[in-house]
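Asker: First the structure, which I've put down as structure tokens, then a few questions once you've had a look.
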Amino acid sequence: MRPRAAGFAVVVAAAALVASGCGDSVSGTAAPEIDRGDPLAVIETALETMFTWNPTRDASGADALERARPYLGPDLASSTAGESQPGPGSQWEQWKHDEATVRAEALFLADEHPPDNDHTVHRVVTIRQSATTPNNLVLDENEHTAWVVATKGPDGWRLDSLQF
């Protein structure tokens, strides 16, 4: 693994640990509006929002986690609330210097999972992150597999469990 890629993995792992315990998610504004009646849209948006970072605007990955909060169920949201955040580290500072944006893409895998029902959906998802400069030079790429659960509440679906 290249040294920069190793640092990238450390930052990703730190965000994953915090998460497991937005208009435009890249720009750092409020969470995008989505169909809360579609559990897959909620899972995809939650994960992409959590793992899309803009080091020139965000203090750390915790800012993206905060943007994802509208898509998180009470258990996952409360497990991330008030936890001490790890420092962003040297990789974050390099991305900031390079004016890089880390974009996440969530892809559903055709993997076995428990059957869906009216209130619970289980999925296996790959989260791909790419750190790119403003001129689209790819600095780093990383991929993680996650097992997720979404549950339906009175206001629609929410991501309730995230395990790597």
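Rule-based calculations on the coordinates, nothing more; no lab input. Please read these numbers as outputs of a predicted model, since none were measured by experiment. Positions of Cβ are generated from backbone atoms using ideal geometry, with glycine treated the same way; all protein chains shown enter the neighbour counts.
Asker: If we sort 143-156, 44-57, 90-103, 63-76 on the protection proxy, mean other Cβ atoms within 10 Å, highest first, what's the order?
Answerer: On the way: 143-156: 16.2, 44-57: 23.7, 90-103: 18.6, 63-76: 20.4.
So the peptides 143-156, 44-57, 90-103, 63-76, ranked by packing, come out 44-57, 63-76, 90-103, 143-156.
Asker: Within region 46-74, name every residue whose backbone N is under 19 Å away from a label modeled 7 Å from Cα of residue 116 along the Cβ vector.
Answerer: 46-48, 71-73
Asker: When the chain is fully extended, how far beyond the present Cα-Cα distance does residue 96 get from residue 78, taking 0.36 nm per residue of separation? Display every interim value, and only then the final one.
Answerer: On the way: separation 18, 0.36 × 18 = 6.48 nm, distance 2.91 nm.
In short, 3.6 nm is gained.
Asker: Here's a follow-up. Per-residue HN-Hα couplings for region 72-78, Karplus 6.51 cos²θ - 1.76 cosθ + 1.60 at θ = phi - 60°, whole Hz, x for Gly and Pro?
Answerer: Once rounded to whole Hz, the list reads 9, x, x, 5, 5, 5, 6.
Asker: Right, next: Based on the mean of other beta carbon atoms within 10 Å per residue, what is the order of 36-43, 113-120, most packed first?
Answerer: Values: 36-43: 18.5, 113-120: 10.6.
Descending mean neighbour count gives 36-43, 113-120.
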